[in-house]
1. Hey, any hits in the stretch 133-144 for a residue that's in contact (Cβ under 8 Å) with a residue 60 or more places away in the chain and surrounded by fewer than 17 Cβ atoms within 10 Å (Cβ to Cβ)?
2. Pick from the stretch 150-162 the residues that are at pLDDT 95 or above and crowded, with 18+ Cβ neighbours inside 10 Å: which of them is farthest from residue 140 (Cα to Cα)?
3. For residue 119, indicate whether it is without any contact (Cβ under 8 Å) to a residue 24 or more places away in the chain and either more than 14 Å from the chain's Cα centre (by Cα) or under 25 Å from residue 55 (Cβ atoms) (or both).
4. Given 262, 214, which one is modelled with pLDDT under 95, in a loop (DSSP other than H, G, I, E, B), over 13 Å from residue 77 (Cα atoms) and under 16 Å from the mean Cα position of the chain (by Cα)?
5. Which residues, counting only those in the stretch 66-118, are surrounded by fewer than 21 Cβ atoms within 10 Å (Cβ to Cβ) and in a strand (DSSP E or B)?
6. Tell me yes or no: at least one residue of the stretch 272-290 is under 17 Å from residue 80 (Cα atoms), crowded, with 22+ Cβ neighbours inside 10 Å and touching a residue at least 24 places away in the same chain (Cβ under 8 Å).
7. Sort out which residues of the stretch 213-251 are surrounded by fewer than 22 Cβ atoms within 10 Å (Cβ to Cβ), over 21 Å from residue 199 (Cα atoms) and touching a residue at least 12 places away in the same chain (Cβ under 8 Å), and write them in order of number.
C-alpha cells in the first residue's frame, strides 16, 4: 500500500498511534471520567437555536435538540424544514455558506463550538460528516481513508488505521486487494462506505449523516443501515432522512421538523423530539400525525 508515496517502512517509527492534540476541543477530565458505553446516555451535543439566518432569510427558529451517546438520532420532516441546516450546525459546516449567522449556542464536550476561541477544524475532527452524494476524492482508496489522518497530523501506523477503518465500514474484504485503485472506481454504495471509513478514521465522537442513502439502491441502502447499527456501538450518530421506514429501522430517537410559512417565507422549526417508537406510535402533535400518515411530504 502506498500513501502519497510513503510506504510502511517510511512511517514514523515508535510514534504514538494518536492524533496530535487540539486543545480547543480537548475532552474535559469530567468527560473522560464518564467514558461512553452502550448504556451511557449522556448528552454528547446540545443545540439551542433561537434564530438561524442566511443573509436576511430566517432559515430556522425555536429549535432545541440534543443527541445522546451511542444513539442514532434521526431528523425527519418535509423539504425545506431546516433539518439539514440544523445538522450542519452541529459541526459548523454552515460557516461555508455566505451570510450565515446563528443566534443561539451548540454545546459539545461542555463548550460552545461557536465561541471565538474554538477552532472549526478541531470541531470537524471531533464531529465527522457523511454527505448525501458519495464524495470520494480523486485518489487511491488508501489515500481517501488517510486524508483526515494526514490533515490532523496522525503519527501512528497508517496501514493499521486504514485497515481498521475499512473493516469498521464493512468494506475491507471488498477492497483489500486494490487499495491503490482510485476511490472513484468503486460502486455508489462502496463509495459511500469509503466516505464513512474516511470520516471514522480520525475517531470522531459524533458522526453526522445527511441523507446518506438517498442516492443508493435498496441493497446498498440496507448495507449502510446495517453499518449504522454496528457503528453506534462506538459512535454517536445523527442522520437526516426522508425515508420514514429508515428512521423506524435504525433510529433510537427521532426529531420531526416542520415549515412555518405564516409570514410568507419558509422557516423551519422543531415540532417534537422523542423516542422513535413513541413518536411513530403515539405522536403528540397533529402535524406529526399528518406527516407520518403521508398526508404531506
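The values are calculated or read from the model by the stated rules, or taken from the named source; none is laboratory data. Since we're looking at a predicted model, the values are computed, not measured. Backbone-built Cβ (ideal geometry, glycine too); neighbour counts: all protein chains shown.
1. yes
2. 161
3. no
4. Sole residue among the options that is modelled with pLDDT under 95, in a loop (DSSP other than H, G, I, E, B), over 13 Å from residue 77 (Cα atoms) and under 16 Å from the mean Cα position of the chain (by Cα): 214.
5. Correct list: 66, 68, 100, 101, 102, 103, 104, 105, 107, 111, 112.
6. No.
7. The answer is 217, 219, 242, 243, 244, 248, 249.
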